[in-house]
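Since the structure comes first, as structure tokens, the remarks are kept for the end.
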Amino acid sequence: MISKLFNEQRPLMVAGVISFVCFVATLILSLADNTQILGTNLWIKPMKFYISIAIFVWTIAVLLQYLPNKERFSRITSWAMIIIFAVEMAAVTGQAIRGTTSHFNIGNPVDAAIFAVMGTAIVINTIFVGVLTYHYFRSNIDLPPAVVWGIRFGLLLFVFGSIQGGYMSSQIGHTVGAADGGPGLPLVNWSTVAGDLRVAHFLGLHSLQAVPIVGLLLEKFRVSARTALTVGFAFVYFAAFMFLFAQALSGRPLLSL
């Protein structure tokens, strides 16, 4: 399967490998360099973004592989996403090296322009995922039904997570009820004293992996009513996403430590 993906979805697969290598490099740098930005090691954010992007582009490669009769769309989508995330990670890493934040940073014209470019790139990415979602709902996919419906709802929930990220950007901050950069959970740094919009955003984006995997596991173990259970899980997942979003908007943290 992996060798087939490297043969037929090579650009995205190679992009994922490069992003993973950058993840390892920034992980090492985070251990060697303790420089802080808003109370967090400056390499943590690029590190998290590199691994997240690797997982995302590999996931998209798999989804494009099973999308029938859409070779041109797949090719355009692949290269568009590679360009989008090259821009995104150049901004995130470059701003970290400069010793400043990349997201929600409008302190001067240069930083504001970088943030605007990042936002535009993600909007374009969301549009491509939206079109992919449309194709998955309209096409006959040669996969077990529970897996197909897991992919469909995973894509749809990802779009919701991206839209919620757009709302977060419009607020010029991810913390509700306090300033960004306060006490947070280890590694993810989600606020422990106020609402944090990143929690729901994280859950929404990773529906792209979570919901299809549930469908795949239910198919693998031949569970009865597996398609209905997959769809049910997707609705529970959406409810959890909305709950965490509402919790953050009310100014309450995921966990208080």
- Item | Cubic angstrom per residue, convex hull over Cα atoms of region 1-101 | 84 Å³
- Message: Show me the ranking of peptides 113-124, 3-14 by mean Cβ neighbours inside 10 Å, starting with the highest.
- Response: 113-124, 3-14
- Note on the structure: In the chain, lysine pairs 8 or more places apart or on different chains with C-alpha atoms under 30 Å apart total 4
- Non-local residues with an amide H under 5 Å from the amide H of Gly195, with H modelled 1.01 Å from N and Pro and chain starts lacking one, are Val176, Gly251, Arg252
- Given [x] 63, 43, 34; [y] 49, 38, 32; [z] 61, 53, 47, the label whose value is Cα extents along the principal axes in Å derived from this model: [y]
- Message: In whole Hz and in residue order, list the ³J(HN,Hα) couplings for region 39-47 that follow from phi through the Karplus curve 6.51 cos²θ - 1.76 cosθ + 1.60, θ = phi - 60°; x for Gly and Pro.
- Response: x, 10, 3, 4, 8, 5, 5, x, 4
- Query: Highest mean first, what order results for 247-256, 29-38, 49-58 on Cβ atoms within 10 Å?
  - Reply: 49-58, 247-256, 29-38
- Computed log₁₀ I(q)/I(0) - Debye formula, equal Cα scatterers, no solvent, region 104-257, q 0.09, 0.18 Å⁻¹: -0.35, -1.05
- Given H placed 1.01 Å from N in the peptide plane, which residues other than close sequence neighbours of Gly184 have an amide H under 5 Å from its amide H? Thr192
- Message: Can you compute the FRET efficiency between Asp142 and Val17 using 1/(1 + (r/R0)^6), with r the Cβ-Cβ distance and R0 = 30 Å? Round to the nearest 0.05.
- Response: 0.65
- Task: At 0.36 nm per residue, minus the direct Cα-Cα distance, what do Glu71 and Ser170 gain on full extension? Give it in nm, one decimal, please.
- Result: 32.1 nm
- Message: Cβ neighbours within 10 Å, averaged per peptide: list 16-27, 222-233 in order, most packed at the top.
- Response: 16-27, 222-233
- the chain - mean residue ellipticity at 222 nm from DSSP helices (-39,500 (n - 2.57) per run, n ≥ 4, rounded to 500): -24500 deg cm²/dmol
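Every number here is computed from the coordinates shown, using simple stated rules; none is lab data. All values reported here derive from a predicted model rather than from experimental measurement. Cβ atoms come from the backbone with ideal geometry, glycine included; neighbour counts cover every protein chain shown.
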